[in-house]
Amino acid sequence: MSVKPFTIATDAARENRIKQRIEDFQWPPKMQLKPEENPWVYGMDQDWLQQFCSFLVNEYSWQATVDELNRFNHFTTEIDGLNIHFIHEEGSGDAPEALLMTHGWPGSVYEFIEVIDRLAHPENYGGDANDGLSVICPSLPGYGFSDAPTRPIGQVSTASIFDRLMREHLGFDTYIAQGGDWGSVVTGMIGLNHGVEKGPDIGKGCKAIHLNMYGLRAHAEPETDAEREWLASSQAIIEAESAYLQLQVTKPQTLAYAMSESPVGAAAWILEKFYSWSDLPLTDGKPDLLKRYSMHALASNLMIYLMTDSFMSAIWFYRGFAEELPHIPPGEKIAVPVGVGKFADTYLSFPPRRMMEGSYNIVHWAEFGDAGHFAAMENPEQFVGALQDFIAAL
């Protein structure tokens, strides 16, 4: 299978057009808030967004992001008519395991910028070179540097594409898969449908999965007070936070036209989720986004969407979910070993362990603070430690 080297390019003309649109944006009147109110409870904080846009126009450079990403080896390969982009960093040691890491929305491969080298070359961080992993980070179809499909596809199709990437195009007989957000659904489907015990090539395929979000779900009735409390709490959070999801699942095209025209709108839509879903330190009693992320990191992730014009095709992935409906069928179970990294995700949290064990072969369960939904970006060292502990337990 043809695998071609790929280099992320600069595009000064496009970058300048984006910045000019931001400069030309007509800001609406500010909401008048009470002194004690946190403006983020109404959505994007306009003062914060104006500060961010000023940084993006006056200080941010796409070239700096390109340089960060291009220090790794990038490739593309065609699968099912789509050029799939991926980072492939060969691991240290004599026989490094292959690790497939899948991002979600509103993230990108940039989420892994600080963990790839730690996982591939642990000796650079005081670890053992023989624990190195060959790390493969693809861009989801329609995201970033991967081709957009001609119509929505979802997580079942993507799991098949990524399994073929690992086995047919890169030649790994077995591999470990990891994912959060949409990546947790794709990874779950890989474990379910493409595990080493499935298919015509028994012993080849995905040998274990690690999840840092409860994405792929199966029905489990709560039995204890703690389980009923989790269910009630998670349902309340989804009701309060999932308006974006309902829109992106049902009417993605309507949203796409607005966001394709307005980089300020896209920034508000994407960065509000980093505020709402991250585990943020406090300033004066209020969560502070810039105590967890740098302006540059937030701008880099956003600009991958804007520079590749992929906002529309990325949210198609939600409609793909509605059309493919990935789930664990009644009576079935993900048989490969499963590790759970339960971070302080305020949106889609894991249930008590018993509620997952009927559908997942859980062999490792670890709980963490000081990182939330975007764990690899929020606390790279802790995220890497969680994954290394799981792999050691295997």
May I ask which of LYS30/LYS273; LYS207/LYS273; LYS30/LYS251 have a Cα-Cα span longer than 24 Å here? LYS207/LYS273; LYS30/LYS251
So, with +1 on the Cβ of K and R and -1 on the Cβ of D and E, and no other charges, what is the size of the charge dipole of region 251-394 about its Cα centre, to the nearest 20 debye? 220
Under 16 Å from the 7 Å Cα→Cβ point of GLU221, by amide nitrogen: which residues of region 312-353? 330-331
May I ask for the equivalent-ellipsoid semi-axes of the chain, computed as the square root of five times each C-alpha gyration tensor eigenvalue and listed largest first in whole Å? 32, 26, 21
At 0.36 nm per residue, and after removing the present C-alpha to C-alpha distance, how many nm does the segment from GLU90 to ALA9 gain when stretched out fully? 26.9 nm
How far is the Cα center of region 168-245 from the Cα center of region 1-50, in Å? 31
With θ set to phi - 60°, apply the Karplus curve 6.51 cos²θ - 1.76 cosθ + 1.60 along region 270-287 and write out the HN-Hα couplings as whole Hz, x wherever there is a Gly or Pro. 7, 6, 4, 6, 5, 5, 6, 9, 8, 8, 9, x, 9, 10, 6, x, 10, x
Overall dimensions of region 15-167 as given by Cα atoms, namely Rg and Dmax in Å: 20.1, 62
Compactness check, region 126-172: C-alpha Rg relative to the 2.2 N^0.38 Å globular estimate gives 1.49
Could you grab the relative contact order for the chain? Cα pairs under 8 Å, six or more apart, rounded to a whole percent. 19
Dipole size in debye (nearest 20) for the chain around its Cα centre, Lys and Arg Cβ +1, Asp and Glu Cβ -1? 860
Inverse mean reciprocal Cα-Cα distance (Kirkwood Rh) of region 236-394, Å: 17.9
Given the alpha-carbon gyration tensor of region 212-286, what are the semi-axes of its equivalent ellipsoid in whole angstrom, ordered largest first, with each equal to the square root of 5 times an eigenvalue? 30, 20, 9
With -39,500 (n - 2.57) per DSSP H segment of 4 or more residues and division by the full residue count of the chain, the 222 nm estimate, nearest 500 deg cm²/dmol, is -12500 deg cm²/dmol
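The numbers here are math on the coordinates, done by the rules we state, and not lab data. Values in this document were obtained by computation on a predicted structure and should not be read as measured data. Using ideal geometry, Cβ is built from the backbone for each residue, glycine included, and neighbour counts are taken over all protein chains shown.
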